[in-house]
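K.L.:
First the structure, which I've put down as C-alpha cells, then a few questions once you've had a look.
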Amino acid sequence: MWDIEVDVVSVGAGTGGLAGAIATADAGGTALIAAPTPRRGTGTSAVATRQRVHSTCGWLQHVGMDTETDRFLASLAEDVPGPVYLNRNMPVPTRVVSALPDERVVEPFLGSTLMDWAVQCLSTPYGMLSSSVSGWNGTRMRSTDGETIEVVPIGTLDWRHGLGEPVLWDWMLDRVREREIEMRTDTGMERLVFEGGRVVGVVLWTADGPLAVRARRRVIIAPVEHDHTTVGIAPVGEELREVCLVRRSASRFGRVELLRTVAAEAASRPTCLGPVDAFLAGLHELRQSPSSLWRHGKVHRYPALGQ
C-alpha cells in the first residue's frame, strides 16, 4: 500500500537531485524531494553524505539495515575501477557543446567509458544516481572533446568569477520553489522498494513513521553537502551559462554541468570561447530550430495500481 504516488522521488537535495526534480516538473510530471534542509558544512541522509571523502565508492553508500537496498547500491559500484574519493572543492563542470548533425547515428558501445563516467559522477558534489536509465527526454549533443552526451536543460544562469557550488545550489533551489515542487524536510531514505527486480518506490523515515512513496518513473539519489569555501570557475567578468543535467546513454549516473553552445562546424575546430552576445545568438538559434532541441516532451503517466 502506497501513501503517495509521484513520477520522480529525489532522495537528497543535492544539485543532481534538484535538477532531476526540475526537469520532471518542466516535462509536466510530479516530483518529491525528500531530504533534511541542508546547512552549510553539514549533511544528513540515509545515504552516505559527501563528508565521507575516503569512501571507496564516493557517496554511494546506504546507512541502513535493508539487505536488498545495500545489494542494489553495491552492485552499481562494484565495477568502478579503483577507489573513488570525493572532491568537495571541485568546480562546477563546464564544457562547450554542439548539436549532433544526425541524431539517428548509433555510436559504438564502450563499457569502459561508462565506468569512467560513473567515477566522474561519484567523485563530484554535482552527481546523481537514477534507478532508471531511459525516459529522460534529453537531447544528444557533442562536446568539443568528441564525447556524446545527453542533455536536459534546467535554465540559464549568470555565472561570474568567484561563484561556486553553494551559489549554484541556491539558484536551483529557487527554481524548485518557482515550480512549487514539494520538498519534505527532516526525512530521508529508509529503504528502496523493488518489484520484479526493478526499483518502484522508496520508504522514507519521518517523524510520524514510515512513508511509502511510489515512483512511477524513477528514484533519484543525490545526497547534499556544502562547504563554506566558494570556488570560482568562470573567467573574470560575467557569462551566461546553460545549467543542464548531463548523462551518458545506458548509464544510471548523471551530473549537473554548465554548458555553452556553439555551431557544429565550429565545434570541430579548437575551442575559442567567444563573447556573450555570440553565445546568446547561437542559443537562440538552437532553441528556434525545427527539431526543438532544448524542449521537453510530456511525461507518459503509468496506469494506476492494480491495472
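K.L.:
Report the gain in length on full extension from Asp3 to Ala250: 0.36 nm times residue separation, minus Cα-Cα distance, nm rounded to one decimal.
P.N.:
Details: separation 247, 0.36 × 247 = 88.92 nm, distance 3.11 nm.
Contour length minus the Cα-Cα distance gives 85.8 nm.
K.L.:
Taking the beta-carbon count within 10 Å as an exposure proxy, list Glu78, Glu239 from fewest neighbours to most.
P.N.:
Glu78, Glu239
K.L.:
Rounded to the nearest 0.05, what FRET efficiency do Asp158 and Glu178 give with R0 = 25 Å and r taken as the Cβ-Cβ distance? Could you check?
P.N.:
0.95
Just so you know, all these numbers are worked out from the coordinates, no wet-lab data involved. These numbers come from a predicted model, not from an experiment. Cβ atoms come from the backbone with ideal geometry, glycine included; neighbour counts cover every protein chain shown.
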